[in-house]
Amino acid sequence: MTSRLRLEDLQSPIRTRRHAEGAFPRVGVVGLGIMGQGIAETVAGAGMEVIAVEKNPERLQEGLEGLSRALDQEIRRWSRTESEKRAIMSRVKGTVSLADLKDCAIAIEAVDESYDVKRVVIRAFDEAAQPEAAFISNTATLSLTKLALDSAYPDRIIGMHFLNPVPKVPVVEIVRAMKTSDETFRRVRKFAEQIGKTPVEVFEYPGFITTRTILPMINEAAHVLMEGIARAEDIDTAMKLGYGMEAGPLEMADGIGLDEVLMWMETLFHELGEPRYRPCPLIRRMVRERKLGKKVGEGFFTYNDEGKRIRP
């Protein structure tokens, strides 16, 4: 059983460590939900120190304990070792103050998908950040240009859309807002490469590449299920074997979280007005019933505590 972390341990001074050659020495991660934990793990695993920010001590404690549990799961799967876990956790400093981002050359926000919440973080970053620091939003659907409206430095605002699970997925979309500078883009592309990701350049448009492309597939798979054409298992088997997919669209939706899928679809339907983004009624019903996917153990399929499918 993982021992409970103490807040005073999380806020202790960061130890000086040898960084990867040419790496950004210190990176801020704001928000320690599932995505924030994955980003923090990926950055710290690349040898960089992470300033992990949450809005209160309780959320901070929960987030870092969640990171610790995620690393324990990877150890059980033999994808990490105990020494790697210790090294990653030692590079992460917890704080509840956005002012602690002052020494970060890059800050990544992974807070709720809300303009109002993200703008609060952006304004705080403007006040605390270094003159050359870049601010990265991990949004899946929101406009970076609109997010940058309240920033004193819109040329330093850029998107970096990670896919879940962050440590495992090798690609990241780097999204340029209208005023993002070439220098900011170059620095963030270099950062993406240094944390082991293949960067894909995207010019701002609702949904970017991955979200815009995958949502209609998930939505249509949900319609096939709702209309009684095939069982969930057979829908995913057909898509995996027919098109070489690692996971079928329904299991993929469970991994994202059906509440997230619904929110993204509603955002794109509102922004674009196109019927292919109108959420399937089955997805709406499952969200109302709190069948949200892997994070709660039940969605289109059922899962154990480690997020593995429980076969019928």
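The values are calculated or read from the model by the stated rules, or taken from the named source; none is laboratory data. Small disclaimer: the values here were computed from a predicted structure and weren't measured. Cβ sites come from the backbone with ideal geometry, for glycine too, and all protein chains shown count toward neighbours.
Sort out which residues of the stretch 192-213 are at pLDDT 95 or above and in contact with a Pro (Cβ under 9 Å, 6 or more places away or on another chain), and write them in order of number.
ALA192, GLU193, GLY196, LYS197, THR198
Got a sec? Which of ARG176, ARG231 is surrounded by fewer than 22 Cβ atoms within 10 Å (Cβ to Cβ), in contact (Cβ under 8 Å) with a residue 24 or more places away in the chain and among the basic types (Lys, Arg)? Outline the logic, then answer.
Details: ARG231 fails: in contact (Cβ under 8 Å) with a residue 24 or more places away in the chain.
That would be ARG176, the only listed residue that is surrounded by fewer than 22 Cβ atoms within 10 Å (Cβ to Cβ), in contact (Cβ under 8 Å) with a residue 24 or more places away in the chain and among the basic types (Lys, Arg).
State all residues of the stretch 117-147 that are buried (at least 23 other Cβ atoms within 10 Å of the Cβ), among the small types (Gly, Ala, Ser) and under 25 Å from MET265 (Cβ atoms); if no residue qualifies, say none.
Hits for the stretch 117-147 are SER137, ALA140.
A quick yes/no check of all residues on (1) touching a residue at least 24 places away in the same chain (Cβ under 8 Å); (2) within 17 Å of ASN164 (Cα to Cα); (3) not acidic (Asp, Glu):
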site: ILE256; (1), (2), (3): yes, yes, yes
site: GLU271; (1), (2), (3): yes, no, no
site: CYS280; (1), (2), (3): yes, no, yes
site: VAL296; (1), (2), (3): no, yes, yes
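Tell me, which residue of the stretch 1-60 that is assigned to a helix (DSSP H, G or I), in contact with a Leu (Cβ under 8 Å, 6 or more places away or on another chain) and surrounded by fewer than 23 Cβ atoms within 10 Å (Cβ to Cβ) is modelled with the lowest pLDDT?
The extreme case among them is LEU10.
State the number of residues belonging to the stretch 283-295 that are surrounded by fewer than 18 Cβ atoms within 10 Å (Cβ to Cβ) and part of a helix (DSSP H, G or I).
Matching residues across the stretch 283-295 total 3.
Here's the yes/no breakdown for (1) within 18 Å of GLY196 (Cβ to Cβ); (2) in contact with a helix residue (DSSP H, G or I) (Cβ under 9 Å, 6 or more places away or on another chain); (3) free of Cβ contacts under 8 Å to residues at least 12 places away in the same chain; (4) of a type outside the set (A, V, I, L, M, F, W, C):
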position	(1), (2), (3), (4)
VAL27	yes, yes, no, no
VAL50	yes, yes, no, no
ARG80	yes, yes, yes, yes
THR95	no, yes, no, yes
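From the list SER114, SER151, which one is of a type in the set (Ser, Thr, Tyr), surrounded by fewer than 20 Cβ atoms within 10 Å (Cβ to Cβ), farther than 18 Å from LYS179 by Cα and assigned by TED's automatic domain parsing to the domain that holds VAL43?
Exactly one residue qualifies, and that residue is SER114.
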